[in-house]
Amino acid sequence: MAVKTLSNGIVLRTVHTDRFKTDYLTLTWVRPMTDRENTKNALLPYVLKAGCAPYGSLKQLNIALKENYGATLACVLRKRGNYQCFGYAMSFLKDEYAFQGDCISDKCLEILSNVVLSPIQKNGAFDADILRVEKNNLKEKIESRSNDKIVYGIDRCSALMCKGSPFALSELGEVEGLTEDVNTPDIMFQHYRKVMESSHVEAFYVGSVDIDQVAQKLEEKLGELHSAEMSLTAGAVDVSGGEKGTITETLPVNQCKLTMGFTTGVTVDDAQYPAMVMANMIFGGGPTSKLFMNVREKLSLCYYAAARYNKLNGQVLVYSGVQAENVQKAEDEIKNQLTQLQQGNVTDEEFEAARKSVVNALRASQDSPSSLEDFGLSEQFGKHPRTVEQFIDQLLQVTKEEAVRASANMQLHTIHVLKGEGGEDE
Amino acid sequence: MNKIENKRLGETILEYDHASGLKVVVIPKSGYANTYAMFATNFGSVDNCFRLNGDQKRVPDGIAHFLEHKLFDNEDGNAFEKYAKTGASANAFTSFDKTAYLFSAADHVMESLDILVDFVTHPYFTKESVEKEQGIIGQEIRMYDDDGEWRVQFNLLKALYEHNPVAIDIAGTVESISHITHETLYDCYNTFYNLHNMVLCVVGDVKPEEVLAVCDRHLKPAPKLDVQRIIQPDEKTIVQDYIEQKLSVAAPLFQIGFKDTSDCFTGREYIRREIEINILLEMIAGRGSDFFERLYQQGLLNSQFGTEYMSGRGFGVTMFAGESQNPEQVRDELLSELDRLGVSDNRALYERSRRVVYATCVRQFNAVDEIAHAYIGCYFMGASLFDMVDIFDDITYESVMDTFRQVFCRDKMALSVVRPAD
């Protein structure tokens, strides 16, 4: 990976490769996750895309993208630690695969630059109809997130655990911020100006053009953008306002969802970080993990039981889908498996399996432009950003004892149980 | 060995007829960190009735999927335990017309391939292991029962197909799987997991001779079997034009589906059909289309909306899916739009849509897993992977509009809705 800071402050990272049939380019604005502002930030990429002056409407913009062999310009909303990352991911066919001598890349960069720099505006306000439609779209996106009950359980557990802290906020914003009277066209336009002036901006490119040429094109087309210097940091998740213990919620579901939130206090900057990654892998990171082998295979309680570890704030979330009558049994077994890990009951085979599994997944990510970008972005929040290869080297140094010691940091904080309404019977 | 090159794409396929009867395929991808291998059989959830050596059998719903779970077991342990030693990320899936066992690995690729070829060709089913799995699969079924997207689609299939087993849940039901025994698993295995009915596809930076060596190590020549799949004759009509279910969803989910009742295509014609329908879907309802953009501005559709042509052995459904507060109105608007397109000159729209679908086919070649999936999908339908890109030379505006008239018939359409439970 090569890095270059453009004259406007944008940090550009590129991976130069001929492997793919498409080029990939992302533009990401980074701001601290803040209550109320998060909804404005989430809305912005959609409004800019839908109301871009050179095209006049979302329809014409979409037609322009389609003319370019179905180039995609996706709005991307993420959170990383206590920051909100929002912007665009663009993917387009390389010129050599076009039917005639079409120059797709230049046209696509033109579209991106238009979207970001030339919004439809009048007297310091966005178009009211365009804003209204996009607010509705985002509102429906937020509401439908809860359709996936696995995601819903995870969202709820995390929000309860981190209540009152920035991490409890959603990268999609909140529905309250999308009503008619809130975030009006002029407020949103002012916010656009603020975002353009005071955010940190990252750009990422994967394709066959080298970094100097990419930098030159971006300077040419996106020179008017401004990226502020920002100290991007990681830090343990703030649970001081969180709810401890078990919270049960009821919805008309067939299968219960059990989610358990843990703190570890170990993040990407800590010496114990690679060991913590290994500990989580052994615990719940795949078909060789303690959770899969015991809660699923041995006890047949569930189809899935896994754990995910947040590298920027140290949070671990365990999630599983079980029948109502088995919730307690599953919870007990999950706690039991953690105890086993913490007491050092880990065979060499288990440890090596976990290591091979995580290294394999990391190597696989190198074949995916979006995975490369995502890894690269997350690393920017640590004091010493690594490449995938460097991270793999660190993981290869970790010993079983170090992983066991790291697991001692895992402390249960919140349990969320989503259960059905009636008594479900086989 | 059959070497097929596509200069337009810069890709190559190497096909081997292994001595055992298995088709082995290597698709080299130089510079890729990851290799993806898929060992698949032409047997899925629709194959619930067959005749082997004169004996007719009707097997319980969900058996192909159940077998997929159980095949990982062996006398000396479970395949996941073996993969644990090589670090491969392994999985499997059962669809309507095929079952596939796969892994992706960056290191120890041949050791992982060894495990794959070994466990798929060594069935080991016992009464105890079958009972144990019923609990796990029961949970999987219940997980899907809560899944609005899954339910809206299966309900659509129920509305379109009366006897065709495509309308049966792939995993079956908690009740149907209770009738599965280790004997019936062996019956299905012995019938369909015959190497002549299977294919191994490896995509990545690999040496073909190493792949063949793994096959030589494990595979014995397979006998040719006389298997007849008993296929219910498909009705030209649909069951009902509307079906609804209530679930815990935020807004109504819908799928509008048109049943393709033409005689089932195979080979290059199958690919042609698929591509033409995808071009039509892009024309009718893609981003930038009159239909989508108008309904999006009216708040009848949102960014969750999409289209798909879902097809395979013995079935084809053209689908418009998404979320809407008024699915019936979406359907009515769609029908109006179809009427309009039927009588207008859509050449410019066609040209643009053709590019989009072409690019989608080319993009597949970015990812080793997509290539493997696409290869096997084409192979089992008697087509070649590169047909997906070359077929564009044969497709014209006229041929696409012909297909339009065949596919988008009002009397073959149903609307499936999943509404929020109160």
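Values quoted throughout were computed directly from the atomic coordinates according to the rules given, and no laboratory measurement underlies them. Just so it is clear, the structure is predicted and the values come from calculations on it, not from any experiment. In this analysis, Cβ positions are derived from the backbone assuming ideal geometry, glycine residues included, and neighbour counts consider all displayed protein chains.
Quick notes
- Kirkwood hydrodynamic radius of the stretch A:375-426, from inverse mean 1/r over distinct Cα pairs, in Å: 15.4
- Derived value for the stretch A:174-307: Kirkwood hydrodynamic radius 21.0 Å. Basis is the mean of 1/r over every pair of different alpha-carbon atoms.
- Straight-line cross-link reach from B:LYS3 at under 20 Å between alpha-carbon atoms covers these lysines, not counting any fewer than eight positions away in the same chain: B:LYS23, B:LYS29, B:LYS207.
- In the stretch A:1-89, the ratio of gyration radius to Kirkwood radius, Rg to Rh, stands at 1.01 when only Cα atoms are counted.
- Calculated on the Cα set of chain B, radius of gyration then Dmax: 22.3, 66 Å.
- The Kirkwood radius of the stretch B:14-107, taken over pairs of alpha-carbon atoms, gives through the Stokes-Einstein law at 10 °C and 1.306 mPa s a diffusion coefficient of 102 µm² s⁻¹.
- Residue exposure sequence - A:CYS157, A:CYS75, B:CYS409 - by fewest surrounding Cβ within 10 Å: B:CYS409, A:CYS75, A:CYS157
- Rounded to the nearest 20 debye, dipole of the protein assembly as shown from Cβ charges on Lys, Arg, Asp, Glu: 920
- Footprinting exposure proxy for A:TRP29, B:TRP150 (fewest neighbouring C-beta atoms within 10 Å first): B:TRP150, A:TRP29
- Derived scalar couplings between HN and Hα for the stretch A:56-67 equal x, 7, 4, 4, 5, 5, 4, 5, 4, 5, 5, 4 Hz in order, rounded to whole Hz, by the Karplus curve 6.51 cos²θ - 1.76 cosθ + 1.60 (θ = phi - 60°), x for Gly and Pro.
- In this structure, the amide hydrogen of A:ALA306, modeled 1.01 Å from its nitrogen in the peptide plane, lies closer than 5 angstrom to those of A:TYR319, counting only residues at least 5 positions away or on a different chain.
- In a fully extended conformation the segment linking B:SER344 and B:ALA213 would gain 41.4 nm over its present Cα-Cα distance, using 0.36 nm per residue.
- Residue of A:TYR303, A:TYR83, A:TYR319 that the Gaussian network model of chain A assigns the largest fluctuation, springs spanning Cα pairs under 10 Å: A:TYR303
- Radius of gyration (Cα atoms) of chain A, expressed as a multiple of 2.2 N^0.38 Å: 1.05.
- Sites B:GLU328 and A:LYS122, calculated FRET efficiency, Cβ-Cβ separation with R0 35 Å, nearest 0.05: 0.40
- Put in order of Cβ neighbour count within 10 Å, fewest first, the listed residues A:PHE99, A:PHE20, B:PHE265 become A:PHE99, B:PHE265, A:PHE20.
- D_trans [Stokes-Einstein, Kirkwood Rh over alpha-carbon pairs] for the stretch A:57-100, 4 °C, 1.567 mPa s, µm² s⁻¹: 105
- Among the listed pairs A:LYS311/B:LYS82; A:LYS40/A:LYS383; A:LYS49/A:LYS141; A:LYS49/A:LYS221; A:LYS4/A:LYS66, those whose Cα-Cα separation exceeds 22 Å are A:LYS311/B:LYS82; A:LYS40/A:LYS383; A:LYS4/A:LYS66.
- Here the stretch B:282-422 is treated as a sphere whose radius is the Kirkwood value from Cα pairs; by Stokes-Einstein at 20 °C and 1.002 mPa s it diffuses with a coefficient of 126 µm²/s.
- Counted residue by residue at 0.36 nm each, then reduced by the alpha carbon distance between them, the extension gain from B:ALA19 to B:GLU398 reaches 131.9 nm.
- Rule-of-thumb Rg ratio for the stretch A:227-302 [Cα; 2.2 N^0.38 Å; N residues]: 1.52
- Secondary-structure-derived ellipticity at 222 nm for chain A, considering helices only, amounts to -12500 deg cm²/dmol, per-run term -39500 (n - 2.57) for DSSP H runs with n ≥ 4.
- Links that overshoot a 21 Å alpha carbon limit, given the list A:LYS135/A:LYS194; B:LYS57/B:LYS220; B:LYS57/B:LYS98; B:LYS98/B:LYS132: B:LYS57/B:LYS220; B:LYS98/B:LYS132
- One chain, two ends: A:ASP102 and A:GLU421. Fully extended at 0.36 nm per residue, the span grows by 109.0 nm beyond their Cα-Cα distance.
- Estimated distance in nm for a label pair at B:ASP290 and B:THR12, the labels positioned 7 Å out from Cα along Cα-to-Cβ: 4.9
- Taking every alpha-carbon pair within the stretch B:80-218, the share separated by more than 28 Å comes to 32 percent.
- Residue mean of other protein chain beta carbons inside 10 Å, B:354-367: 6
- This model, with +1 at the C-beta of Lys and Arg and -1 at the C-beta of Asp and Glu, gives the stretch A:27-73 a dipole about its Cα centre of some 60 debye.
- Antiparallel content of DSSP bridges confined to chain A, in %, to 5: 80
- Modelled this way, with points 7 Å down the Cα-to-C-beta line, the labels at A:LYS4 and B:GLU351 are 3.6 nm from one another.
- Volume of the convex hull of the protein assembly as shown (Cα atoms only), normalised per residue: 157 Å³.
- Each residue of the stretch A:93-104 was assigned a 3J(HN,Hα) from its phi angle through the Karplus curve 6.51 cos²θ - 1.76 cosθ + 1.60 (θ = phi - 60°); the sequence is 5, 6, 3, 5, 9, 6, 5, 10, x, 7, 9, 5 Hz, with glycine and proline shown as x.
- Estimated vicinal HN-Hα couplings, Hz - the stretch B:174-186 in sequence order (Karplus 6.51, -1.76, 1.60; Gly, Pro = x): 4, 6, 5, 6, 5, 8, 7, 10, 5, 5, 5, 5, 4
- Greater than 27 Å apart at Cα, pairs in A:LYS257/B:LYS70; A:LYS163/A:LYS298; A:LYS59/A:LYS139: A:LYS163/A:LYS298
- Rh (Kirkwood; distinct C-alpha pairs) - the stretch A:87-174, Å: 17.1
- Per-residue [θ]222 nm for chain B (sum of -39500 (n - 2.57) over DSSP H runs n ≥ 4, rounded to 500): -13000 deg cm²/dmol
- B:ARG51 paired with B:GLU244, simple spin-label distance in nm, labels 7 Å along Cα-to-beta-carbon: 4.5
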